[in-house]
Amino acid sequence: MPKTNYKNLEKKLTLQKRNAWEVWDDKTKQSAFKFSEGYKKFLNQSKTEREAVAASIELAKQAGFKDMAGVKSLKAGDKVYAVNRGKNLFLAKVGKKPLAQGFNMLMPHIDSPHLDLKVMPLYEDENLAFLKTHYYGGIKKYQWPTIALALRGQVYLENGKKVEINIGEKDSDPVFMITDLLPHVDRHGATDSRVKSKEVLGEELNLVVGSIPVKDEKIKEKVKLAVLEYLWNEYGIKEVDLASAELRAVPCEKARDLGFDRSLISAFGQDDLVCAYTALTGALDSRVGDKTQIIAMVDREEIGSTGNTSVNSNFLETFVSDLSELVDGEDDLDQVYKIFSKSRAISADVTAGLDPDYKDAFDVRNTCRLGFGLAIEKYTGHGGKLGTSDASGEFLRELMTLFNKNKSIIYQLSGGMGKIDKGGGGTIAKYLANRNLEVIDAGVPLFNMHAPLEISSKADVFCVYLAYKAFLEN
Ligand code: MN
Ligand code: MN
């Protein structure tokens with residue numbers, strides 16, 4: 001018997017983790033860098049869900065997508081979109097086969113952790129005016145004080161007008177900030193029983209917004225009134241109007257290259273705009289396939305997918321019913337559920353990258369790395385697999401076989417976030433699984449997820465774009 005070559009056998013049988021930067025040729029590397037320029041632009045335009053929808057429609061229109069509301073019928077190759085309450089954008093590229101045979105869908109979310117203003121946010125204390133916030137999504141609160149924040153959103157006035165607010169993005173704009181104690185008066189529990197100086201309470205996330213009082217001794221809260229006078233003169237806003245507003249504080253910082261080699265991107269909101277952008281551009285660039293391709297950008301993922309703009313809104317059913325009517329001539333709900341049962345979806349969401357400074361938080365054998373490509377997560381959830389949909393083996397196999405056909409698509413495999421019983425997190429996958437779609441999580445690994453600035457690798461961003469496009473086309 002010939003002697004076994006174990007070097008060859010190892011290569012054949014063991015799973016090789018691959019760094020895209022090492023695998024790719026120069027041309028592919030250049031394509032990844034070029035792709036990231038459009039991504040950074042998109043990030044800077046999309047710091048709220050409404051802005052992400054608007055920026056996406058802009059790109060979709062340029063690629064020939066039309067508002068579905070004005071469409072009478074659809075045939076293979078047609079491209080349409082529909083918007084729900086300004087916060088969901090669903091797009092479809094009609095396939096060659098009937099919709100009844102199922103669709104391929106990418107579902108990213110376009111909400112990111114941030115600070116919403118409270119219903120009654122404005123107050124004065126010690127001759128300073130503040131706006132109180134209520135954090136949205138799972139943040140580490142200590143990361144948000146002492147950084148420059150912008151104020152963005154809309155205020156709805158009694159006269160029916162909508163006022164757009166966007167302060168802090170231009171270099172000449174003022175910014176806002178949450179304060180923190182100086183170390184000199186905060187030595188290890190000096191202030192109270194909180195021994196961790198990193199701890200910041202939700203009620204302490206208050207923005208400093210002014211300090212000049214009005215000149216009138218009869219007024220009690222002079223700085224607060226001065227802020228209201230400014231808001232009235234500038235925007236026609238009264239204090240009560242701040243209740244009927246959707247205002248939020250987000251980091252002012254723009255998307256930037258990170259590192260000497262510029263291989264990484266630092267930006268706010270990459271969870272989950274990175275998957276929204278790669279899904280969208282994947283669909284804009286995709287070939288018309290047998291199956292209809294759907295991109296469904298949802299909101300409210302970061303607060304548990306509740307609400308009429310979340311994955312749990314039946315806007316998905318409405319959209320697919322409308323498509324079914326226009327493509328197949330059938331629009332009843334029963335048919336929609338039959339279509340779901342034949343459809344495949346990727347919950348297009350980010351996951352944790354292995355951070356060498358905090359290896360203890362991870363099972364290093366089952367964690368994704370920055371630069372190692374598309375992160376496919378068989379399941380998310382918590383210890384005991386609580387709250388996960390856990391993708392089927394055959395669907396995972398199908399995807400791996402598909403991605404293996406394109407040498408530039410590098411992917412990595414994992415399941416769960418962090419160590420068992422210590423970490424965990426959910427995505428929208430389970431809500432699609434409950435509707436009887438085949439679904440798996442796959443997206444970009446990040447550092448600093450949910451922090452004011454998150455880090456991605458340009459290699460992963462490009463891999464994910466290629467993989468999403470391949471998924472849609474096949
Ligand atoms: Mn996410
Ligand atoms: Mn998240």
Please go through the stretch 127-185 and pick out each residue that is in contact with a helix residue (DSSP H, G or I) (Cβ under 9 Å, 6 or more places away or on another chain), within 18 Å of His114 (Cβ to Cβ) and among the hydroxyl-bearing types (Ser, Thr, Tyr). Thr133, Tyr135, Tyr136
Filter result for the condition that a residue is assigned by TED's automatic domain parsing to the domain that holds Gln412, surrounded by 19 or more Cβ atoms within 10 Å (Cβ to Cβ), in contact with a Ser or Thr (Cβ under 6 Å, 6 or more places away or on another chain) and among the charged types (D, E, K, R), over Lys87, Lys93, Lys79, Lys47: Lys87
Working only within the stretch 103-146, note down all residues that are within 16 Å of ligand 2 (Cβ to nearest atom), charged (D, E, K, R) and out of contact with any strand residue (DSSP E or B) (no Cβ under 9 Å at 6 or more places or on another chain). Lys140
Find all pairs meeting these conditions: Cβ atoms under 7 angstrom apart; at least six residues apart or on different chains; first residue within the stretch 286-298 and outside any strand (DSSP E or B); second residue among the aliphatic types (A, V, I, L, M). Ser286/Leu472; Val288/Ala76; Gly289/Leu472
Conditions (1) away from ligand 1 (no atom under 16 Å from the Cβ); (2) farther than 22 Å from Leu242 by Cβ; (3) touching a helix residue (DSSP H, G or I) at 6+ places or on another chain (Cβ under 7 Å); (4) open to solvent by less than 20 Å² (accessible area, probe 1.4 Å): number failed by Pro98: (4)
Look at the stretch 425-446 and say how many of its residues are part of a strand (DSSP E or B), open to solvent by less than 50 Å² (accessible area, probe 1.4 Å) and within 25 Å of Lys469 (Cβ to Cβ). 7
Given the criteria open to solvent by 20 Å² or more (accessible area, probe 1.4 Å) and at pLDDT 95 or above, does Lys422 qualify? no
Would a scan of the stretch 318-332 turn up a residue that is closer than 21 Å to Ala82 by Cβ and touching a Phe, Trp or Tyr at 6+ places or on another chain (Cβ under 6 Å)? yes
Which pairs do you get when a residue that is more than 15 Å from ligand 2 (Cβ to nearest atom), found in the stretch 416-434, comes within reach of a residue that is open to solvent by less than 40 Å² (accessible area, probe 1.4 Å) and in a helix (DSSP H, G or I), reach meaning Cβ atoms under 7 angstrom, with the pair 6+ apart or on two chains? Ile420/Gly383; Asp421/Gly383
Does the stretch 399-442 hold any residues that are acidic (Asp, Glu) and at negative phi, and which are they? Glu438, Asp441
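The values are calculated or read from the model by the stated rules, or taken from the named source; none is laboratory data. All values reported here derive from a predicted model rather than from experimental measurement. Heads up, the Cβs are rebuilt from the backbone with ideal geometry, glycines too, and the neighbour counts pull from every protein chain shown. The accessibility values were calculated without ligands, DNA or RNA, using every heavy atom of the protein model including side chains. Shrake-Rupley method; radii C 1.70, N 1.55, O 1.52, S 1.80 Å.
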